[in-house]
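Q: Starting off with a structure, shown below.
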Amino acid sequence: MIGQAVKLIGTALKFLILVVVVAGTYAYAMFQGGFVSWFLFYSVLTIIALTLVVAMFTLRGYKVERKLSATTLQSGESIEVEVIVHKKRYQPFFYVRVYDVVPRSIGTSSHQRALFFFSFTNKLRFKYKINQLRRGEHQLSTTQFSFGDLFGIFEKKYKVDSNSTFLVYPRFKLLDKLPGLLTSQIEEGIRPDQAIDEERSLAGVRSYAPGDRLTSINWKQSARTAKLMTKEFETFRNDGAVILFDPYVNQASSRTFEQSIELAASLIATAVKRNPQVTFSIRTSSWQAYDVSNATLAQALRLLSKVQPDSATIPSVHKMYRDWRGKTAYVVCSELNADVVGAMRMMKEQKVLPHVVLPDDVVDDQIMIQQLKQKGVQTHILRMSGDLG
């Protein structure tokens, strides 16, 4: 109410000043006479008449087109936006302010506005940049117009909706190595559950060869044959790895959550370079699993770009854990809790070899880490420099 009253008072004062200007120029022409004084008076009347004519024109018919420098980017990068305003030639204006609305959730921007003066052109253009883009699928949808006259008596505002969508992937980098002591075994095709239960995968025995592990020597057969014999186990062609992302957040900061997403993306990108069989699983209402390769890496990154924090904890028991039998599972999360420990225990029982991977600024919970260690689950803290702790 107060704002409207102030606006009305301001408009009334502008009209009063305009009347005084007209009266003053008329009085000056009457008393002074001559061409110059009357030219000044008629010029003021002409400008006022043009102002009234422009004020009667409709503002509808304006259309907005955006040209984006890219449609897929990585978090932290910049995007250049060109705004093209299409108008009809016979739609005059004294000036127009164009403001392209950029939500704060997208990134930091400036100069996303422009001021144009009287023009008969049918296209108005300007460019601006959005810096420090944040992860997610973003949309630019609204452009605001403000039209006014030379005297500032009236101002019209108008909005045009025009959708422009682009996707910002989480940042990722190829790591020097995957976490865990069995990385080389995963790449060479040795089953993770072999290390857990080697006796059950015994295929036979053979003569000892230099370089064989002493723990693989079959002492009974060696005593019978009077020479060293080595156990020979079943081999397989790489059961692959599973990258799991758990979006549970309770105490973790938004920065930690974003780092955990970047960590998961880095693990996926590294795994597909080293291993032809990689599964990516993300928990929404339930675990969803996707096979990932170099050709489908963008699909996994798209899923990570849209994921949001979840208040539901990881399920301790799930039927999908059985599907990962014989695989190495990298479970990426932004914080630890009792449910994570329970889920890792269940995976171990299903002959999955789980590794818990955390971002480097996670709250250090030594109690949970010790509980995982007691259950034979390794915990790794990843620093984005590429070193693994």
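No lab work stands behind these numbers, since they all come straight from the coordinates. In this text, all values refer to a predicted model and were calculated from it rather than measured experimentally.
Q: Using each residue's phi in the range 290-299, evaluate 6.51 cos²θ - 1.76 cosθ + 1.60 at θ = phi - 60° and report the 3J(HN,Hα) Karplus result to the nearest Hz, with x for Gly and Pro.
A: My calculation for the range 290-299 gives 9, 6, 10, 9, 4, 6, 10, 4, 4, 5 Hz in order.
Q: Give me the extension gain from ALA312 to ARG274: residue separation times 0.36 nm, minus the current Cα-Cα distance, reported in nm with one decimal.
A: 10.4 nm
Q: Continuing with the same structure: Around ILE381, which amide H atoms from residues at least 5 apart in sequence, or from another chain, sit under 5 Å from its own amide H, with H modelled in the peptide plane?
A: HN-HN under 5 Å from ILE381: LEU358, GLY389.
Q: For the pairs LYS63/LYS157; LYS88/LYS129; LYS220/LYS373; LYS88/LYS159; LYS327/LYS373, note any where the Cα-Cα span goes beyond 22 Å.
A: Violating the 22 Å Cα-Cα cut-off are LYS88/LYS129; LYS220/LYS373.
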